[in-house]
Amino acid sequence: MVMAENKHFVYIIRPARGVAFLEQATPDEEQAMSAHFAYLKAATEAGTVLMAGPCIAGADTFGIVVLRLESEAAAKSFMDNDPSVQAGVQNATLYPFHLALWANH
């Protein structure tokens, strides 16, 4: 059996409420973000998420999640199942990504 080669994708997430989310998250938003972190942490341990984190820049704040999966459909499914996306706390956009350089840790 031949395994499909994994591909890389990145999704960008932005707070749905913009800067208001950064200044005063509701309890529901805090819960969604805790579940978001746990979701990404588990996927990082499984090797699906290569890196993830926020770029804190006031109204321009966004997060980046770099994925290694077999298809764009799998990457979209992963992104759509992110608890913060499902809860409407963050809006997400998926892009194909060409991983050209990676530090060896």
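Any idea which of (1) of a type in the set (F, W, Y); (2) loosely packed, with under 14 Cβ neighbours inside 10 Å; (3) in contact (Cβ under 8 Å) with a residue 12 or more places away in the chain is the one F62 doesn't satisfy?
Single failed check for F62: (2).
State the number of residues belonging to the stretch 78-105 that are within 13 Å of the chain's Cα centre (by Cα) and of a type outside the set (S, T, Y).
13
Taking P96, is it loosely packed, with under 11 Cβ neighbours inside 10 Å and in contact (Cβ under 8 Å) with a residue 12 or more places away in the chain?
yes
Would you confirm, using the coordinates I've provided, whether A75 is within 13 Å of the chain's Cα centre (by Cα), within 17 Å of T93 (Cα to Cα) and touching a residue at least 40 places away in the same chain (Cβ under 8 Å)?
The answer is yes for A75.
Output the number of residues of the stretch 73-105 satisfying the condition of being outside any helix (DSSP H, G or I) and at negative phi.
Final tally of qualifying residues: 20.
Every number here is computed from the coordinates shown, using simple stated rules; none is lab data. If you're wondering where the values come from, they're calculated on a predicted model, not measured in any experiment. Note that we place each Cβ from the backbone using ideal geometry, even for glycine, and neighbour counts take in every protein chain shown.
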